[in-house]
Structure formats: C-alpha cells, structure tokens
Amino acid sequence: MALNDTIKIPLELFIGSTATFGAIILICIIVVTVYIRKFAHEAHPGTAPRFVSGLCCALVLITALLLPVDVFMTSYQKFPNGTWRDWAADNTTRAEINNAILYTYYTCYSLLTFCLFVLIPFAYFFFEEGDSEDDVPAADRLCSAFKYSFCFVFLVVALLLVGAFVQFGDIPNFNGTIIDDLDSLGDQIKRKGVESALSFTMAVLTSLGLFVYVIYSAYGLSAFPFNFVKTRGSAARELNKLRVDEITRDEKERQLASKYADGRPVIPSDRRLLQKLARDKERYSELQRLVESEHDSCWNKILICCRPFSIVLGILLTLLSLAFMASVSVTLVDKYVYSNYTLGYVLTTVHYKYSPINYLLTYAQLVFPLDYIIVLLIVFYIASCTVNGIRRIGIWFFWIKMFEVVPKRTMPQGLLLLSALFSYAMVALNQLMLVAMPTYSTYGSQHYMVPDNGTMVIKPCDNHAPAGECQLTQLASIITRFTIHANLYGALVTYLLSAFVAAYVIGFVVAAVRRKRSILEKAAGNRDAEDDPLLNL
C-alpha cells in the first residue's frame, strides 16, 4: 500500500519525495557501478566480489542521501510563516510520516549492518581461501569462510544486545537552562529496545568511520582538488629519460661483455649486476610501453585541451573543501564554548549559525529541489575524496600494507576492503553532516511564531521553540537520542572530528608543496602494485 493511501498528505509531497529519492537511488547505482568497474582487477573477472562491493557501496550512499528527503518531508509540514499545513495539523498524521522516515533509516541501517558484519567478511574469507596455492574445493572454502565470519556475527549480536539492554546514563543534574533544553529534546525522542540496539550499533560503526575520515578522507579532501590544478611532467620528456636510461644500461652491458670476452668466469658481483640489468631492461620496456600508451591516448589529448577548465575546477573544489571544513570547525568551536564533555558536547542551540554550508543549505531548502542537488554534490564529492585518499595511502593493517587500490588492478580482497572502508566513512557521513550543517540537518527551514510586544514574530526553529511548534528531523532524532544518554560517544565524536580538521590542515600543506606524480611514476607505481608479492597475499 502506498504511503499516500495510508497517510492523508498532498500528492505533490508524496511524488516529490519518492520520485526524487528514486532518482537518487538510480544515480547511486550508476556511480557505484562505474567505480567498481574502474578498480576491479581485469585478470580476476569474478562477479561475486564486485557485486558484494557494489551492493554495500550503493546502500551506504543511499542511506547518506536520505538526509535531504528527511529534511524535505519534515519541513514541508509547515508554511514559511510558521503555521502548520492543514493536513499536518493533526499530531497523528505527523507521527505517521515521521515513523515512515524513521523506519526507512533503520531498514537501511539494518541492511548495512548485515553487509559490514556478515556479507563482506564472508566474501573476503571465501576469496582469500581461493587465492591459496592449493586448489581448495568450493565446499571447504565455504566452511572456512563460515568459520571466520562467525566471529563477526558474534560481534554484531553482542553489539545489538548491549544497545538493547544496557542502560546508559541519564542527563546530568546541572542547574541552568541548558538542562531544560536537553529535557525538551528528550521529550521529542523516545527510546525503544530495537531502535536503541540499532542506534548503538550504528554509533560503533560511526566511530570507526570517523577514524577513516581522520586517516583517509582528510588527506583526500585536501589533495584531490590539487590533482586538477598541478601539472604533470611532459610525456615526451619522460620518454626521452627512459631512452637515456636504456642507452646507459646497454653501455654497461657492452662493457661487461667486453670484460669477459676471453671466456673467463664471471665473478659473483658482475653476475648480479648482469641479472639486475636484465630485470631493469624488462621493467623499463614495460614502462616505456605504458608511458607511450598514455601519451598517445585520446584521454590525454582531451586533458591537454581542457587544461584551463581543469584549473578552474580545481580551484572551485578547493574552495568547497575549505567551506566544508570551515563549517565543521565553526560547529566544533560552538560545542567547545557552549557545551562540555559531561553533556556529550550536545548543542541545544546553534549559536554560530552562519557557517558557509549550513547557511547555503538552509536557504536552498526553500527552493525545491536545490538542496537535494547541493547535498548530492557534497556527498559524492566527499565519497570521491575518500576513495582518492585510500588510493594514495593504500590499505594497511597496522604497519603492514595489504593492498594498493589501483585502477583495473585492485585484487578482489582489496576491492572488498575498499568497499568496507568506504562504507564506514559514509555511515559516519550522517554524523558529519549534522555537525557541518546543524540547522539544516536538525530543523530544515521550519519556523514558528511567538508574540512580541503585541505582534507575532516569525523565528527559525530551535530547541527554544514552544512545545509542539517544531520537530526534529529523524536523523537528528536518532543521533541526538543516543548522544544525550551516552556522553562518552558525543565526546569521542567531537574529538575525532577535531582530529579530522587537524589532519585536513596537515594534508592541505603536504598536498600544496608536494609535486604531482609524473606519468612515468604513475605507471611504475601501478605496475609495482601488481607485482609486489606482499600486496597480493
């Protein structure tokens, strides 16, 4: 049964929300398919790891892009003058609409939990067994994958049980209006066992995702725009360098051949030198072929022609990164000044409302679907920067480098780990959006009216609004509900986001002074990533 059959809402709201969200789903599937095909190894054409990776990445992008739908359906229930629309005047109708959004979030979160804790680990261990030197039967690989995946199943069950049954602390007993504001927030947010279990699980995944932001996304956000601004060395110059190296190598071989022309035995040091020269000859021949291929490609010629546009795009993306990080920084300063660790750094009022992204989206939401487009661009930009950061740094297990992420040469296990890291980051994106755009993410464009000296004044919604005049978006409800009662989580998120900003500043300096890799270095890196045995275990 359709949503507008069970809830008395205007047809334009139903069509506007479902059609837009359907378009978002289609865009996510197309983008993820392109990315998976770009990185999947050509020599490993198996569809299973590609399907699992694509499913998880598409699902997490769809979940992140629920926010504008949530904001639209929440804000559209009120007129710009702060009064409720006729069909939304009934509390029951509003509750049913909000529950529909809430259950959509929890459905996506449940599927993501299954993918991250069951599907991806199972697929990883299944293909890990298949890469062994012995020909392992499929049945044995399945049993081994089930055995190792059971640990992750046990972990997710433990997280759900902790979230469902462990009682977190109550709101601290302090004097002051901030506690009254927290109490009013608590009145809007109800705790239920199943929802609490999912909220706790997503809080854990969000915390892991914020570590991904600190390690990968921060550098990606700073370095990715510079790719469009910095120039790469001339391919002709690099080919000339390869030819000079080839002449030098041939001269060394000729000298060694002349040295042992009389047939005497070759000493060990010269034998090793000859072997090295032979390896270098094979390696440089392959590199020369790769450089020539890229130099003669149509894509390279297009890039040369579009160089001015590339520079402009790089500058615009740099400004977008700076605006986004400035918005995060403004809210973090707000938290540190007007809240504290004991309260989980929960803000009952946004004091610094004019952060760039928050200001832009709050007013863009008034023009449907402008905010959808802006949020879509921001999400895809952060997603691209995250993948770029993972590509540049690689996938590590502590000090051991496991996989390189290289176009057309990423191993199936590396592709699965890439999708897992990407999914953690995108799960945490909802928390990041709540910090970068607090007014938009919490109340959208809702307003309320209050009397002031005999006249009615229209004010934007906040936690000081009279009871029943404003309502939280469901994303803000989910996150704030858990943070109010688990101040340790709120503090951890605040500190990790502070580390994220610091890592961005460091990465920006490094990216600004570091030169762009030449075509030769890029080709050598791609080749070494495939041939390095440590990366293909």
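Close contacts from the range 447-475, counting a first residue that is in contact (Cβ under 8 Å) with a residue 40 or more places away in the chain and a second that is of a type in the set (Asp, Glu) and not in a loop (DSSP other than H, G, I, E, B), with Cβ to Cβ under 8 Å and a gap of 6+ residues or different chains, come to ASN463/ASP181; HIS464/ASP181; ALA467/ASP187; THR473/ASP70; GLN474/ASP70; LEU475/ASP70.
Determine, yes or no, whether ASN99 is at pLDDT 80 or above, over 14 Å from ILE24 (Cβ atoms) and open to solvent by 40 Å² or more (accessible area, probe 1.4 Å). Write out each step before concluding.
Working: at pLDDT 80 or above: yes; over 14 Å from ILE24 (Cβ atoms): yes; open to solvent by 40 Å² or more (accessible area, probe 1.4 Å): yes.
Considered against the rule, which asks whether it is at pLDDT 80 or above, over 14 Å from ILE24 (Cβ atoms) and open to solvent by 40 Å² or more (accessible area, probe 1.4 Å), ASN99 comes out as yes.
Among the residues of the range 385-418 satisfying the criterion of being closer than 21 Å to PRO225 by Cβ and open to solvent by 30 Å² or more (accessible area, probe 1.4 Å), which is nearest to the chain's Cα centre (by Cα)? Ranking the qualifying residues of the range 385-418, first place goes to ARG391.
Results for (1) within 19 Å of THR74 (Cβ to Cβ); (2) touching a helix residue (DSSP H, G or I) at 6+ places or on another chain (Cβ under 7 Å), shown as yes or no for each residue.
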| residue | (1), (2) |
| --- | --- |
| THR386 | no, yes |
| GLY414 | no, no |
| SER423 | no, yes |
| VAL427 | no, yes |
| THR439 | yes, yes |
| ASN453 | no, no |
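The residue that is surrounded by the fewest Cβ atoms within 10 Å (Cβ to Cβ), counting only those in the range 372-381 that are within 19 Å of GLN431 (Cβ to Cβ) and of a type outside the set (A, V, I, L, M), is PHE380.
Among the residues of the range 16-42, the ones that are at pLDDT below 70 and open to solvent by 60 Å² or more (accessible area, probe 1.4 Å) come to 0 in all. Just give me the residues in the range 47-57 being open to solvent by 10 Å² or more (accessible area, probe 1.4 Å), out of contact with any strand residue (DSSP E or B) (no Cβ under 9 Å at 6 or more places or on another chain) and not aromatic (Phe, Trp, Tyr), in sequence order. THR47, ALA48, VAL52, GLY54, LEU55, CYS57 - these are the residues of the range 47-57 that are open to solvent by 10 Å² or more (accessible area, probe 1.4 Å), out of contact with any strand residue (DSSP E or B) (no Cβ under 9 Å at 6 or more places or on another chain) and not aromatic (Phe, Trp, Tyr). Of the residues making up the range 357-371, those that are open to solvent by 80 Å² or more (accessible area, probe 1.4 Å) and outside any loop (DSSP other than H, G, I, E, B) are TYR359, LEU360, TYR363. Checking the structure you have, find out if any residue of the range 460-480 is under 27 Å from LEU376 (Cα atoms), assigned to a strand (DSSP E or B), open to solvent by 10 Å² or more (accessible area, probe 1.4 Å) and not acidic (Asp, Glu). For the range 460-480, residues under 27 Å from LEU376 (Cα atoms), assigned to a strand (DSSP E or B), open to solvent by 10 Å² or more (accessible area, probe 1.4 Å) and not acidic (Asp, Glu): present.
The values are calculated or read from the model by the stated rules, or taken from the named source; none is laboratory data. These numbers come from a predicted model, not from an experiment. Cβ atoms come from the backbone with ideal geometry, glycine included; neighbour counts cover every protein chain shown. To get the accessible areas, we keep the full protein, side chains included, count just its heavy atoms, and leave off ligands, DNA and RNA. Shrake-Rupley method; radii C 1.70, N 1.55, O 1.52, S 1.80 Å.
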